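Report on the structure given below.
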Amino acid sequence: MLKGRHLIVPTDFTVDELNDLFRLADSIIANPSNYSDVCKGKLMASLFFEPSTRTKFSFDAAMYRLGGNVLGFSDPNTSSAAKGESLSDTTKTIANYVDLIVCRSPKEGAAKLMSKASSVPIINAGDGGHQHPTQTLTDLLTIRYYKKSLDNHVVGVCGDLKFGRTIHSLVKALSRYDNTRFIFISPEELKMPEYVTKELEGKIEFVQTDNLDKVMDKLDILYMSRVQRERFVSEEEYLRLKDYFILDQQKMQKAKSDLIVMHPLPRVNEISTEIDNDPRCVYFEQAKLGMYIRMALIMRLLGV
Ligand code: NCD
């Protein structure tokens, strides 16, 4: 039962609980009109202390499509946070008015802290460079949709593995499925943090490389990511690394015919627009699936 629970990291939910969410999302996709007023009278707070396009729009759209309502902010300067109110006090207050809270913060651990203060479910919509569990739900639904199963994939994870929270969450989640093998592709400076690789050691096969070209033909899934400019201390270092990988037609020619290319978006330069129409590139479809899995998540957390 997910009713009343928080979602801070993807493994807060068991594999069975996730399967239930995916089945509900399937059913919403098949018959959206059956769900158009299941959240009538419910309110969701959407608190974004960091920029967002897909996560905020897909959550808000999800709640409205379920017949509920949304209130919140995407500019924290309009809330009392700007007067120095603690996140904990802000959470306690807002929890009095709504049925669940979606929050994105630049600070690692913010969602966890909020969950301790809140009387309603907290959904982590990204906490700094740490985790982004609802992007992972989106990613898993996408893999399941295109590959039919979450088991037995060689998954290339490419780009900013150091700061990419979507990546940290995805690796954590995919590690629970049978025979997942990872190829981590990044420059040395943006390697996967040790706290992530430590959890894999001895359990999950993974290799690390800085050469995307060389591994293209081995991959079933390629998860691309943006170099996270806002998390760099030095702008110079960012400028040096930002175009390290560019996925283009030439690289795609080497890939399997049933590869899928995913990206949480926004993309900057790491995927050339020339391959957007390649049927293997599913990142915009992935963004759409994100709304359906969020509809399923809201329903289960509210128990409607
Ligand atoms: C990601 C994020 O915010 O972490 N975007 C998203 O939610 N789809 C990825 C990113 O910003 O690079």
For the chain, what does the relative contact order come out to in percent, with C-alpha contacts under 8 Å and a separation of six or more? 21 percent
State the percentage of accessible surface on region 133-287 attributable to carbon and sulfur atoms; use a 1.4 Å probe and exclude ligands, DNA and RNA. 46 percent
Just K107, K42, K214 to compare: in a GNM of the chain, with alpha carbon springs under 10 Å, which one fluctuates most? K214
Accessible-area composition of region 40-132, carbon plus sulfur, in percent [1.4 Å probe]: 51 percent
Express in whole angstrom the spacing between the alpha-carbon centres of region 210-227 and region 234-304. 12 Å
Relative to the first principal axis of the alpha-carbon coordinates of the chain, what is the inclination of helix 15-30, with its axis defined by its Cα atoms, in degrees from 0 to 90 and to the nearest 10? 80 degrees
Report, to the nearest 10°, how far helix 54-65 tilts away from the longest principal axis of the Cα atoms in the chain, using its own Cα long axis and a range of 0 to 90°. 40 degrees
Could you provide, to the nearest whole Å², the per residue accessible area of region 133-287 with probe 1.4 Å? 45 Å²
Of G159, G129, G109, the most mobile residue in a GNM of the chain (C-alpha springs, cutoff 10 Å) is G109
Out of residues 5 or more away from K42 or on other chains, whose amide H comes under 5 Å of its own, with H placed 1.01 Å from N in the peptide plane? N69
Kindly state, as a whole number, the per residue volume in cubic angstrom of the convex hull around the alpha carbon atoms of region 133-287. 105 Å³
Find the Cα radius of gyration of region 208-253, compare it with 2.2 N^0.38 Å by division, and give the number to two decimals. 1.35
Highest-MSF residue in the chain out of G84, G156, G164 [GNM, Cα springs under 10 Å]: G84
Residue-averaged 222 nm ellipticity for the chain, from DSSP H runs of 4+ at -39500 (n - 2.57), nearest 500: -11000 deg cm²/dmol
Using only Cα atoms and rounding to the nearest 10 degrees, what angle (0 to 90) does helix 283-302 make with the longest principal axis of the chain? 30 degrees
Within 10 Å of each candidate Cβ there may be at most 11 other Cβ atoms; applying that plus a DSSP loop requirement, which GluC sites (Glu not before Pro) in region 102-202 survive? E201
Can you give the extra length, in nm with one decimal, that the chain gains between K191 and K83 once fully stretched, where that is 0.36 nm per residue apart less the Cα-Cα distance? 35.1 nm
Under 14 Å from K288, Cα to Cα: aspartates and glutamates that are on another chain or at least 8 residues apart: D26, D60, D139
Checking the a/c ratio against 1.5 first, then a/b against b/c, what shape does the Cα gyration tensor give for region 25-97? prolate
Kirkwood Rh, the chain, all Cα pairs: how many Å? 19.8 Å
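The values are calculated or read from the model by the stated rules, or taken from the named source; none is laboratory data. Here the structure is a predicted model, which means the values were calculated and not measured. Reconstructed Cβ throughout: ideal geometry from the backbone, glycine too, with neighbour counts over all protein chains shown. Side chains are part of the model used for accessible areas, which takes the heavy atoms of the whole protein and leaves out ligands, DNA and RNA. Shrake-Rupley method; radii C 1.70, N 1.55, O 1.52, S 1.80 Å.
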